[in-house]
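Colleague: Please find one structure pasted underneath; my questions will follow.
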Amino acid sequence: MKNKFRLRIVASIFAVLLLVFGLTSCHRDDDEADDLPQEEMTNVILHVTDEAGNSVPYNFLLGSSTVPTIKLVDGKTYNVEAQFMNGTEDVTGEIKEAKDNHFLIFNFPNSKIDVERLDGDDSTTATHKVGLKTKWTVNKVNNSSNAAALVLTLKHAEQKEDLQPNEAAVTSTNGIQWGTAGAKAEDDAVANFGLSN
C-alpha cells in the first residue's frame, strides 16, 4: 500500500514539474533577439528632417488617443528615421537584430506621398529593407476633404518565411500604402500621426 501511495506522489510531482516547465518555456520564439512584444514598446518617434537639415521629432505614445501632427510641404522631400522606445530605452537595435522578422508599413490615407527605403546593412536583408530610414517625397499632403494621416505599422513574423514583405506601393482612392506583409505577420506596434501643410 505504501508503494502505491509513494508512486502516486512521485507521479503527481513529475506531472506538476512537466506542467511548470512546459508553461515557462512557451513564448513567441526561442530566439531572444526576436522577442520584442508590443507591451515592451511605449513610444514610436519619427525624426523628420527637411531639405535644409532641420530635424523635428514627432513622438507617438502607443495606445494614446493623442496624435502628433507632422508638418509637411507639398513638393518637398524629407528624410525620416523611425525610433522605437521602451520608456527611456531605445529598442530600435533589437528590431535591427531581428531584421529578418520585422517590416514597417507606411499607410498614408488621404495623401500622395512616395516612400523610398534608405536602410543600411544593419536593417536590410536579402528580401527587404525594414524601413527604419526612409525618404518621403510629398506630392500632396492632403488630397481629400478628410484629414491626412500616417498609420505606421511594425509587422513581425515568428518565422521569417511568414513575413512575406513587399515594399511596393498599394494605391487606393484615398491614398497610398507603402508595403504589405503576409497573413501570418502580426502587429508589433501601430503608431498614428496626423499630417498637415
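Colleague: Note down the relative contact order for the stretch 35-196 as a percent, whole number, built from C-alpha pairs under 8 angstrom at least six residues apart. Walk me through the numbers on the way to the answer.
Modeller: Details: 400 pairs, mean separation 42.4, N = 162.
Computed value for the stretch 35-196: 26 percent relative contact order.
Colleague: Determine, for each peptide in 78-87, 97-106, the mean count of other beta carbons within 10 angstrom over its residues, then list the peptides with the highest first. If you can, show how the numbers build up before the last one.
Modeller: Details: 78-87: 18.1, 97-106: 23.3.
So the peptides 78-87, 97-106, ranked by packing, come out 97-106, 78-87.
Colleague: In terms of the Cα gyration tensor, with a ≥ b ≥ c the square roots of its eigenvalues, is the stretch 63-135 rounded because a/c is under 1.5, prolate because a/b exceeds b/c, or oblate? Provide the component values of the computation, followed by the final result.
Modeller: On the way: a/c = 2.07, a/b = 1.25, b/c = 1.65.
Because a/c hits 1.5 or more and a/b fails to exceed b/c, the stretch 63-135 counts as oblate.
Colleague: Counting Lys +1, Arg +1, Asp -1, Glu -1, what net charge surrounds residue 168 among other residues with beta carbon under 13 Å of its beta carbon? Walk me through the intermediate numbers first.
Modeller: On the way: positive: 117, 129; negative: 114, 116, 167.
Taking every Cβ under 13 Å from that of residue 168, the sum is -1.
Colleague: Seen from all sides and averaged, what is the projected area of the convex hull of the Cα atoms in the stretch 35-196, in nm²?
Modeller: Projected area, direction-averaged: 9.1 nm².
Colleague: Using the Cα gyration tensor of the stretch 148-197, with a ≥ b ≥ c the square roots of its eigenvalues, what is the shape: rounded (a/c below 1.5), prolate (a/b larger than b/c) or oblate (neither)? Intermediate values should be presented prior to the final figure.
Modeller: On the way: a/c = 3.51, a/b = 1.71, b/c = 2.05.
Oblate.
Colleague: Tell me the net charge near residue 138. Cut-off is 15 Å between Cβ atoms, residue 138 excluded, with +1 for each Lys or Arg and -1 for each Asp or Glu.
Modeller: On the way: positive: 71, 76, 112, 135, 140; negative: 50, 51, 74, 114, 116.
Local charge sum for residue 138: 0.
Colleague: Take residue 74 and residue 170, extend 7 Å from each Cα along the Cα→Cβ direction, and tell me the distance between the two endpoints in nm.
Modeller: Going by the 7 Å Cα→Cβ label model, 2.7 nm.
Colleague: Here is a follow-up. On a straight-distance basis, which lysines could pair with residue 160 in a cross-link, Cα separation under 16 angstrom, same-chain partners fewer than 8 positions away excluded?
Modeller: 96, 99, 129, 184
Where a number appears in this text, it was derived from the coordinates with a stated rule and is not lab data. What you are looking at is a predicted structure, and each value in this text was computed from that prediction instead of being measured. Neighbour counts run over all protein chains shown; Cβ positions are idealised from the backbone, glycine included.
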